[in-house]
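Structure, as structure tokens:
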Amino acid sequence: MMRNIDEKLFWLILPFLLVGCQSYKRVPYLQDSEIINQSMQQTEIYDAKIMPKDLLTIVVSCTSPELAAPFNLTVASPVGIATSNMNTTAQPTLQTYLVTNNGTVDFPVLGELKLGGMTKKEAEQLIVEKLKPYIKETPIVTVRMVNYKISVIGEVTRPGTFTINNEKVNLLEALAMAGDMTVWGLRDNVKLIRENADGKQQIITLDLNKAETILSPYYWLQQNDIVYVTPNKAKARNSDIGNSTSLWFSATSIIVSLASLLVTIFK
């Protein structure tokens, strides 16, 4: 008799155990990582490329500052407020260069430079070559992107737009900046919205349950990428229930108010 009860209890609990196992498999990131470790695939170190609408700072330096000065335009930014007893003070800051839709910048003395599609290192090498007729010694050129940012929205703890100072960020780092996914987020249905150099939008679906995602060309984010974490069905149902409940309470409140008014009138 006891054995029959145990068997019945086992078959009763089994579906819940199977559901629990299936649910757990959807939670951890990068499952089967040993497959990636065994493959030993070599990937190139990611380096961001200059895109239209990027803002760049370009600094030229050499042992003779007077030779580099014409190539380092500055703009005056007020750091004090003029009063009757003191003059306005200003501190020079570097001029930023906006990359046009054609991928060019208008650089002092050198004129129009085609930098779109290049990495920072490639752009620096190009400018060094262009400077050789003007500066006999080899100058040092430093190119930086000052508006490198990505956005994370959807089922994350702190959605928002984040500025990336080192111009290099991957998908997991972006999620970490946003406080990671909530329990409602689908790990296997993360959308990456990307605009290429031609202005065309792409929507790529990424599965963070799979370890091979780190080998995807979309694992490393580009400037202005948008990461959208899709909510699961439970969150969608709760959202619908919440809206329906609010409508139901509103309708009930109106009916009660009308009933009270009618009772008062016909007393």
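The values are calculated or read from the model by the stated rules, or taken from the named source; none is laboratory data. Model, not experiment: these values are computed from the prediction. So basically every Cβ, Gly included, is an ideal-geometry build from the backbone, and we count neighbours across all protein chains shown.
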Every residue from the stretch 153-188 that is surrounded by 17 or more Cβ atoms within 10 Å (Cβ to Cβ) and assigned to a strand (DSSP E or B): 154, 156, 181, 185, 186, 187
Residue in the stretch 189-210 that is farthest from the chain's Cα centre (by Cα), counting only those that are assigned to a loop (DSSP other than H, G, I, E, B) and in contact (Cβ under 8 Å) with a residue 40 or more places away in the chain: 209
Residue match in the stretch 120-129 (condition: assigned to a loop (DSSP other than H, G, I, E, B) and either touching a residue at least 12 places away in the same chain (Cβ under 8 Å) or surrounded by 15 or more Cβ atoms within 10 Å (Cβ to Cβ) (or both)): no
Per-region count, the stretch 218-240, residues at pLDDT below 90 and part of a loop (DSSP other than H, G, I, E, B): 1
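Name the single residue that is surrounded by the fewest Cβ atoms within 10 Å (Cβ to Cβ) among those in the stretch 130-152 being part of a loop (DSSP other than H, G, I, E, B) and among the hydrophobic types (A, V, I, L, M, F, W, C). Reasoning before the result, please.
So in the stretch 130-152, the residues part of a loop (DSSP other than H, G, I, E, B) come out as 132-139, 146-148.
Now narrow it down to the ones that are among the hydrophobic types (A, V, I, L, M, F, W, C): 135, 146.
Working: 135: 17, 146: 14.
Applying the filter and picking the extreme gives 146.
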Unique match (being closer than 30 Å to residue 52 by Cα, in a helix (DSSP H, G or I) and either in contact with a strand residue (DSSP E or B) (Cβ under 6 Å, 6 or more places away or on another chain) or modelled with pLDDT under 65 (or both)) among 252, 213: 213
Failed criterion for residue 106 (all others in (1) more than 12 Å from the chain's Cα centre (by Cα); (2) farther than 30 Å from residue 63 by Cβ; (3) free of Cβ contacts under 8 Å to residues at least 12 places away in the same chain hold): (2)
Among the candidates 73, 115, 94, residue that is within 17 Å of residue 146 (Cα to Cα), touching a Ser or Thr at 6+ places or on another chain (Cβ under 8 Å) and at pLDDT below 90: 94
Residues of the stretch 152-168 classified as at pLDDT 95 or above and under 27 Å from residue 95 (Cβ atoms), total: 2
